[in-house]
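The values are calculated or read from the model by the stated rules, or taken from the named source; none is laboratory data. Just so it is clear, the model here is predicted, and its values are computed rather than measured. No Cβ is skipped: glycine too gets one built from the backbone with ideal geometry, and neighbour counts run over all protein chains shown. Heads up: the accessible areas ignore ligands, DNA and RNA and are worked out on the full protein's heavy atoms, side chains in. Shrake-Rupley method; radii C 1.70, N 1.55, O 1.52, S 1.80 Å.
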Amino acid sequence: MTLGFPDGFRWGTATAAYQIEGSTTADGRGPSIWDTFTVRSGLATGDPACDHYRRYREDVRLLSELGVPYYRFSVAWSRVMPDGRTVEPRGLAFYDRLVDTLLEHGITPMVTLYHWDLPEALQAEGGWPNRELADNFADYALTVHKALGDRVRQWTTINEPFCAAFIGYGNGDHAPGIQDEGAALVAGHNLLLAHGKAAQALRSDGGEQEVSIVLNFAPVLTDVDDAAHREAARKFDFLHNRFFLDPLLGRGYPPELLADLAHLGTLEPAIADGDLEIIAQPLDVLGVNYYAPARAMPLEDPEADSNCPLPGLRGMDVQPPRGELTSLGWEQRPECFTELLLWLQGHCDGLPLVIAENGAAFEDEVVEGRVHDKKRVQYFADHLAAVHAAIERGADVRGYMAWSLLDNFEWAMGYTQRFGLVHVDFETQERVLKDSALFYADVVARNGL
Ligand code: FCB
């Protein structure tokens, strides 16, 4: 039986600049926080990653061979503006060539303006806890739109502000590696403000475009259905999911959430008059990233140590994932994906949704020039069926971008986690289509599963 997707469903793959480009000093590119953070922490860096900056033509040819018609990529701010402000035409020219090459191959480009690689020069001015960065970001957005807006219709301002703010400035596992819960919340607010100002800037430049933001959602599960567990789940859900979503929808921060965070004393003073109106720019679509659910539980002693990675939450903890895990240790729960999409459909009053990322890391092996990545094929089959089920039950999902086109630099995990449909040998840069790429190409060709 074929599970057919709606006509015009947008099938794509996704990547991000720092994860694939390499060439981190080419053509005047300035350092980003990921260059400095990885070196300072003794981690693998984004050089050479997939050497995509030099091999982009080959990669676009791969996309065209696969027959996947949409491609979501991000622009590196520090290539276009090495100091965060001054335009470097050679950096901009790269994306100009990339867009032209995609279009020559019949592939529709979808641009993400910020996928975590802040110019280091702006971090030196305080980074995202500094609200002035919202204006810098809007200037950058306008610059990129002036260069590519004649050919690119789909614009995403920011990818996963949750990670940029809470992992970058809260637990410090990501760049810039700062551990300051109060600053992390302010960074989250300023990222939303930056989104709003960039959305205004993009629309001020004319042209027909779709403006979106991409959020990562974690549906929250509990073992026990009692008041204490429900409250732990509520806290996690409100900070992980609704901190970002509700202000975008024009509803401000939920009062319960403000109360949960009040003890840090940083968020409310950071919300200036007019900010919430700027953040609530109308969205044409919402980008949804889904990987795994979270598991929450209450803590009797609110001061006890907690593994909860979210800034400012007290009296709750997270439990380890269980069941089938990916190599990153993420729990596989496709049914949560269906529930999430249906919940979003209702909560966002019918705003169209596009899956901007979904995928899984597993250990892959090249055997005689093939990669039989059965687990990844199964992951995609299960999760696409979950999206299909949500559509059948009324969710307005317009597209699906598989994460990722290529094995790439997986942030703090370096090159240890392979998410690609295409295997990359990081020594030789040889690309090999995995079985999952062939599977996905077939789904795309049939518009069905
Ligand atoms: C998401 C990121 C993406 C990738 C996947 C695995 O949080 O947006 O860059 O690392 O996770």
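What the chain shows is 37 Å² of accessible area per residue, with the surface traced by a 1.4 Å probe over protein heavy atoms.
Helices in the chain that qualify as membrane-span-like (whole DSSP H runs, Cα extent of at least 30 Å along the helix axis, mean Kyte-Doolittle hydropathy of -0.5 or higher) are 181-204. Taking every DSSP bridge with both residues inside the chain, close to 20 percent are antiparallel. Over the range 192-239, the pair-distance histogram of Cα-Cα distances with 10 Å bins from zero comes to 21, 30, 18, 19, 11, 1 percent, rounded to whole numbers. In this structure the amide hydrogen of ALA294, modeled in the peptide plane, comes within under 5 Å of the amide hydrogens of VAL220, LEU221, none closer than 5 places in sequence on its chain. Taking the range 72-184 on its own, what percent of its Cα-Cα pair distances exceed 16 Å? Cα-Cα pairs in the range 72-184 separated by more than 16 Å: 60 percent.
Each Cα pair under 8 Å and six or more residues apart adds its separation to the average, and for the range 10-446 the resulting relative contact order is 16 percent. The modelled label-to-label distance for the pair LEU342/SER327, using points 7 Å beyond Cα in the direction of Cβ, is 3.4 nm.
The mean sequence separation of alpha-carbon pairs under 8 Å and at least six residues apart, normalised by the residue count of the range 216-348, gives a relative contact order of 29 percent. Summarising the amide proton neighbourhood of ILE355: residues at separation of 5 or more, or on other chains, whose placed amide H is nearer than 5 Å comprise VAL288, ARG398, GLY399, TYR400, MET401. The string of couplings for the range 241-252 from the Karplus curve (6.51, -1.76, 1.60, θ = phi - 60°) is 9, 8, 3, 8, 6, 5, x, 5, 7, x, 9, x Hz, one whole number per residue in order, with x for Gly and Pro. Where q = 0.12, 0.19 Å⁻¹, what log10 of I(q)/I(0) comes from the Debye formula for the range 1-121, counting one point per Cα? Log10 I(q)/I(0), no solvent term: -0.47, -1.00. Roughly how far apart, in whole Å, are the Cα centres of the range 275-352 and the range 1-65? About 25 Å separates the Cα centre of the range 275-352 from the one of the range 1-65. Site pair ASP349 and ALA228 shows an inter-label distance of 3.9 nm when each label is modelled 7 Å from Cα along Cα→Cβ.
Rounded to the nearest 500, the helix-only mean residue ellipticity at 222 nm of the chain stands at -11500 deg cm²/dmol, with each DSSP H run of n ≥ 4 adding -39,500 (n - 2.57).
Cross-link partners for LYS434 among the lysines, with Cα-Cα distance under 17 Å and sequence neighbours closer than 8 places in the same chain left out: LYS374, LYS375. Taking 24 Å as the straight-line reach from the Cα of LYS197, the lysines in range (excluding those fewer than 8 positions away in the same chain) are LYS146. Per the Debye formula with a single identical scatterer at each Cα and no solvent contribution, what log10 I(q)/I(0) holds for the chain at q = 0.08, 0.09, 0.13, 0.14 Å⁻¹? Relative scattering, expressed as log10 I(q)/I(0), comes to -0.42, -0.54, -1.23, -1.46. When each of the peptides 255-264, 212-221, 391-400 is scored by the mean number of other C-beta atoms lying within 10 Å of its residues, the order from highest to lowest reads 212-221, 391-400, 255-264.
Nonpolar atom fraction for the chain, defined as the carbon and sulfur part of the 1.4 Å probe accessible area, stands at 49 percent.
Each label was represented as a point 7 Å from its Cα along the Cα-to-Cβ direction; for ARG97 and ASN307 these points are 4.7 nm apart.
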